[in-house]
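A.B. asks: My questions will all concern the structure given below.
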Amino acid sequence: IKEDFANYSKLKPNVKNEVVHISISLTPGEHLDEEKKVEFSEKLLEKLDFKTDKIPYLIVEHHDKDYEHWHIVAGRITSDSK
């Protein structure tokens with residue numbers, strides 16, 4: 001994964017913040033299955049103008065809180081160097 005992100009970074013070495021980190025938290029007691037979390041995350045990225053077919057991204061779920069939450073790490077450099 002690290003190598004994938006690094007390869008994209010090489011396309012635009014002048015970009016300082018190569019990735020964005022987004023944290024998603026649900027209300028305590030609320031639950032989404034894995035498929036819905038992925039669907040939500042991809043729709044959010046698209047809404048924020050991240051082209052999921054042209055960037056590397058990672059969705060990671062934790063279980064260290066009393067509520068469901070996950071993180072999205074997405075590259076800010078597209079496969080076509082934009």
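A.B. asks: Name the single residue, out of those in the stretch 9-26 being open to solvent by less than 60 Å² (accessible area, probe 1.4 Å) and not in a strand (DSSP E or B), that is nearest to residue 74 (Cα to Cα).
C.D. replies: Only one residue fits best here, namely 9.
A.B. asks: When the stretch 35-55 is examined, which residues are found to be modelled with pLDDT under 95 and not aromatic (Phe, Trp, Tyr)?
C.D. replies: Residues satisfying the conditions are 49, 51, 52, 53, 54, 55.
A.B. asks: Just name the residue that is nearest to residue 64 (Cα to Cα) out of those in the stretch 1-47 that are in contact (Cβ under 8 Å) with a residue 40 or more places away in the chain and of a type in the set (Phe, Trp, Tyr). First the steps, then the outcome.
C.D. replies: Looking only at the stretch 1-47, we keep the residues that are in contact (Cβ under 8 Å) with a residue 40 or more places away in the chain, and these are 1, 4-5, 8-9, 11-12, 15, 17-27.
Filter once more, so that each one left must be of a type in the set (Phe, Trp, Tyr): 5, 8.
Working: 5: 26, 8: 31 Å.
Per the stated criteria, the residue is 5.
A.B. asks: Same structure, new question: Under the condition of being assigned to a loop (DSSP other than H, G, I, E, B) and β-branched (Val, Ile, Thr), which residue from the stretch 27-62 is most open to solvent (accessible area, probe 1.4 Å)?
C.D. replies: Ranking the qualifying residues of the stretch 27-62, first place goes to 27.
The values are calculated or read from the model by the stated rules, or taken from the named source; none is laboratory data. What you are looking at is a predicted structure, and each value in this text was computed from that prediction instead of being measured. Backbone-built Cβ (ideal geometry, glycine too); neighbour counts: all protein chains shown. What goes into the accessible areas is simple: the full protein's heavy atoms, side chains included, and nothing from ligands, DNA or RNA. Shrake-Rupley method; radii C 1.70, N 1.55, O 1.52, S 1.80 Å.
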